[in-house]
Each structure stands twice: as structure tokens, then as C-alpha cells.
Amino acid sequence: MSYDIKNIKNGVMVRIRGELDLMTAGRLRPVLEQILRERPPTRMVFDLEHTTFIDSSGLALILGRYRQISEQGGRMFIVGVRPMVHRILDLSGVVGLIPILPTANDVPED
């Protein structure tokens, strides 16, 4: 798994490639927590276009950041989800909490 984080208008985009599992979630979690602590964004976008699998640790990473950003008055979006990953998000209930959009261009700017 690899990831990159870039600044976007009013927030950050987290692009994940490969599997988001126990090992990779453990590497990414402190980075995202530091961002949320030091300069809380009003939007966080997870780009999962190139994510091939998510396990419970990956779900916990996403849901934990959702809780943090929501408590700070921000919003989270997930974009570019592949069918298999969408199924995991759906079965876990994430789809009911976090808007899933086709592309990053569909994320509202406000």
C-alpha cells in the first residue's frame, strides 16, 4: 500500500493505493491524526480509486477520522470506490454515514 496526502480547498485528500489493512492503517493513522490535530481541515476526502481491499482496520481508520473531523465541524467524503471495496463499505454501514461520490470533482467545495 502506498498513499499520498495533498492539500485541497478547505481540506486534504488522502489517496490510497493497494490494500488498506492492519499494517497500512497503522502507518497512516498517526499521520492523519497529526493533520487533524495541527491544522484541522473542514473537508477530508479519501480517494479509493486505486484501493483494492479494506479490512476492519482500514474501516476503523476511516471511521475514526470521520468521527474526529465531524467533531471539529468538518465533513468527509469518499470518492472513486471500486465495486468490491464499495461492497465492504456497504456491508459495514459506512455508506450510510459518509457520502460516496464518483470522483473528486463531485465533492462540494463548501
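The values are calculated or read from the model by the stated rules, or taken from the named source; none is laboratory data. The model shown is predicted, which means the values in this text are computed figures rather than measured ones. Virtual Cβ from ideal backbone geometry, glycine too; neighbours counted across all protein chains shown. SASA here: full protein model, heavy atoms, side chains in, ligands and nucleic acids out. Shrake-Rupley method; radii C 1.70, N 1.55, O 1.52, S 1.80 Å.
Tabulated data for the structure shown
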{"quantity": "Residue that is most open to solvent (accessible area, probe 1.4 Å), among those in the stretch 50-84 that are closer than 24 Å to residue 105 by Cβ and free of Cβ contacts under 8 Å to residues at least 24 places away in the same chain", "calculated": "83"}
{"quantity": "Residue count for the stretch 1-49, restricted to those that are touching a strand residue (DSSP E or B) at 6+ places or on another chain (Cβ under 8 Å), open to solvent by less than 80 Å² (accessible area, probe 1.4 Å) and under 18 Å from residue 89 (Cα atoms)", "calculated": "12"}
{"quantity": "Candidate set from the stretch 92-110 (those that are outside any helix (DSSP H, G or I) and touching a Phe, Trp or Tyr at 6+ places or on another chain (Cβ under 7 Å)); member that is most open to solvent (accessible area, probe 1.4 Å)", "calculated": "99"}
{"quantity": "Residue 89 being in a helix (DSSP H, G or I) and surrounded by fewer than 19 Cβ atoms within 10 Å (Cβ to Cβ)", "calculated": "no"}
{"quantity": "Which numbered condition residue 92 misses (of (1) under 14 Å from the mean Cα position of the chain (by Cα); (2) under 22 Å from residue 19 (Cβ atoms); (3) of a type in the set (Ser, Thr, Tyr))", "calculated": "(1)"}
